[in-house]
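Inspection log for the structure reproduced underneath, given as structure tokens.
The values are calculated or read from the model by the stated rules, or taken from the named source; none is laboratory data. None of these values were measured; they are calculated from a predicted model. All Cβ positions, glycine included, derive from the backbone under ideal geometry; neighbour counts span all protein chains shown. Heavy atoms of the whole protein, side chains included, go into the accessibility calculation; ligands, DNA and RNA do not. Shrake-Rupley method; radii C 1.70, N 1.55, O 1.52, S 1.80 Å.
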Amino acid sequence: MDQHRTPVFDGLLKYRTDQRFSFHVPGHKDGLIFPEEADPLFRQLLSIDATEVADLDELYHPAGMLREGETLLSDYYGTRASYFLVNGSTAGNLTMVLATCRRGDTVLVARDSHKSVFNALKLAGVRPVFLPPEVDPASGLAAGIDVGAWDAAVRRFPRPRALILTYPNYYGMAAVSTRKLIEKAHACGALVLVDEAHGPHFRLGVPVPPSTLDMGADLVVHSAHKMLPAMTMGAYLHVNTDRVTIEKVAAMREALQTSSPSYPIMASLDLARHYLAVTGSGKLEKWIKSRDRFAKGLRSLKKIRLMEAIPGKYLLDPFKITIELKTEETGFDFQRQLIASGIYPEMADPHRVLFTLGLTDQIDFGPALEEIRKCLIKFHEAPSQGLRGTMYFPAFSTLVRPYEELDCMERGETDLDQAEGQIAAEHVIPYPPGVPVIVHGERITKEQIHAVKDWLRAGAAFQNESVNQGKIITYRAGAFEHES
């Protein structure tokens with residue numbers, strides 16, 4: 001197919017030119033009705049913020065420009081079918097699980113999955129078995145599921161319906177073990193569902209890690225807006241197998257997404273695919289050279305180091321740069337200093353700050369490098385003690401009770417110091433990265449409590465008002481008195 005085509009974007013340009021009078025929604029009437037103070041920023045975009053009229057097609061039953069746009073997407077990624085998502089990769093993760101898993105199915109799940117995966121598990125009513133990721137001793141971060149953890153889980157739960165993986169993680173770490181895990185899952189009849197939100201550009205070639213689409217994963221979700229030039233909430237869902245019913249995936253996507261999809265988001269998804277598809281090796285080489293110059297400048301600064309790939313363990317997305325601090329101050333302290341200087345990083349954790357770069361060589365990193373140097377002047381170098389992990393992951397485990405039973409139990413607040421051994425009645429999630437320190441339905445361990453306290457002391461904010469106040473929602477005493 002002609003990957004230079006951008007049918008969705010072109011269709012909206014034609015709509016903007018042809019329409020003289022709008023007698024349909026949305027109510028801003030192509031931007032003519034809008035608060036005056038915001039009009040200069042919004043007017044151009046609102047002129048293509050359309051609805052399903054005339055030749056603009058319909059996302060869930062496409063026959064025109066949207067069908068061509070999704071066909072071009074599938075052609076680029078080499079899939080059986082690919083779909084636009086306008087409610088983010090969250091909608092994709094929900095769709096993957098609900099379209100393939102039935103209530104009561106055993107599903108093996110990477111314990112460092114995004115919260116949307118855990119929400120999908122509950123909605124589907126499955127029996128999750130959580131696989132602990134291997135912790136990289138150099139960085140203290142989760143670096144993918146060890147094959148041994150899979151083998152141990154399958155011996156106890158021999159016929160899982162699916163394996164759910166995250167690849168790469170938020171820091172751009174792409175575990176080398178992923179290919180072997182996919183092979184093992186398929187060998188025992190399990191589907192492989194991959195949250196590849198941070199890897200939509202993983203078909204560009206070396207030094208970018210490979211995509212799980214090329215490893216045989218059955219369903220894969222990409223957050224186009226994270227690494228590609230797409231609007232926020234724009235994502236892709238790929239069907240990469242004939243073991244999944246396309247019609248069921250499509251129907252579940254329709255059920256879980258808005259019935260009024262954003263045309264600007266869909267046009268940006270069309271353009272993002274085009275941006276990737278026309279990128280040759282020469283252009284990628286220029287992007288990498290620009291990135292490497294920036295990384296070299298960062299390495300020259302005192303009090304920090306950059307996280308590096310470990311051959312045989314994990315690759316690193318070159319467009320993610322993780323700065324590890326060698327200071328008394330935390331990653332959150334560094335983030336605050338950076339923001340005060342006009343530099344907005346992707347995220348911080350107790351020991352690190354993450355920079356997400358764009359796929360371009362047109363950004364001058366020199367001024368940013370100078371501001372970063374100035375920020376570090378105020379920090380106090382600390383003796384190297386190695387980095388502690390920011391999460392604690394217990395050995396493979398299951399919920400204490402099925403989801404439907406948990407929903408019937410009484411809940412109450414418990415002081416964190418008194419929570420060991422109790423059952424969590426909520427996910428405990430620092431955001432970003434959106435990975436639960438404690439999962440709803442788990443028995444809380446001493447190590448998990450220490451991890452929560454470490455995040456709080458470092459300055460993290462949790463998506464739990466109770467945790468921010470030193471408490472956690474647990475099931476009341478007696479709720480599990482008949483537990484075997």
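Observations
- Test result for I438, surrounded by 15 or more Cβ atoms within 10 Å (Cβ to Cβ) and farther than 16 Å from K122 by Cβ: no
- Residues in segment 78-134 that are small (G, A, S) and within 15 Å of the chain's Cα centre (by Cα) were compared, and the one that is farthest from E196 (Cα to Cα) is A120.
- Candidate set: segment 214-226, residues that are in contact with a Gly (Cβ under 8 Å, 6 or more places away or on another chain) and either assigned to a loop (DSSP other than H, G, I, E, B) or open to solvent by less than 10 Å² (accessible area, probe 1.4 Å) (or both); chosen: the one nearest to E183 (Cα to Cα): V221
- Candidates G148, G125, filtered to the one that is open to solvent by 10 Å² or more (accessible area, probe 1.4 Å), farther than 21 Å from S74 by Cβ and among the small types (G, A, S): G148
- Output for segment 110-127, where each listed residue is in a helix (DSSP H, G or I) and among the charged types (D, E, K, R): K115, K122
- Evaluation of T106 against (1) surrounded by 21 or more Cβ atoms within 10 Å (Cβ to Cβ); (2) free of Cβ contacts under 8 Å to residues at least 60 places away in the same chain; (3) of a type in the set (S, T, Y) (one fails), failing number: (1)
- Among the residues listed as V244, V208, V239, V278, the single one being among the β-branched types (V, I, T), open to solvent by less than 30 Å² (accessible area, probe 1.4 Å), within 28 Å of D10 (Cα to Cα) and at pLDDT 95 or above: V239
- Of all residues in segment 371-397 being at pLDDT 95 or above and open to solvent by less than 70 Å² (accessible area, probe 1.4 Å), the one that is farthest from the chain's Cα centre (by Cα): F379
- Residue among G69, G78 that alone is small (G, A, S) and farther than 22 Å from D57 by Cα: G78
- Tally of residues being surrounded by 20 or more Cβ atoms within 10 Å (Cβ to Cβ) and over 26 Å from L163 (Cβ atoms) across segment 398-421: 3
- Which numbered condition V467 fails, given (1) in a loop (DSSP other than H, G, I, E, B); (2) crowded, with 20+ Cβ neighbours inside 10 Å: (1)
- Residue count, segment 143-157 (criterion: among the small types (G, A, S) and over 26 Å from the mean Cα position of the chain (by Cα)): 1
- Unique residue being under 17 Å from the mean Cα position of the chain (by Cα), open to solvent by less than 30 Å² (accessible area, probe 1.4 Å), outside the structural domain of I323 (by the TED database) and not β-branched (V, I, T) when the list is A197, A190: A197
- Matching option when the condition is more than 30 Å from E404 (Cβ to Cβ) and open to solvent by 50 Å² or more (accessible area, probe 1.4 Å), among Q44, Q19: Q44
- Single match in D49, D2, D55 (criterion: farther than 30 Å from V126 by Cβ and at pLDDT below 95): D55
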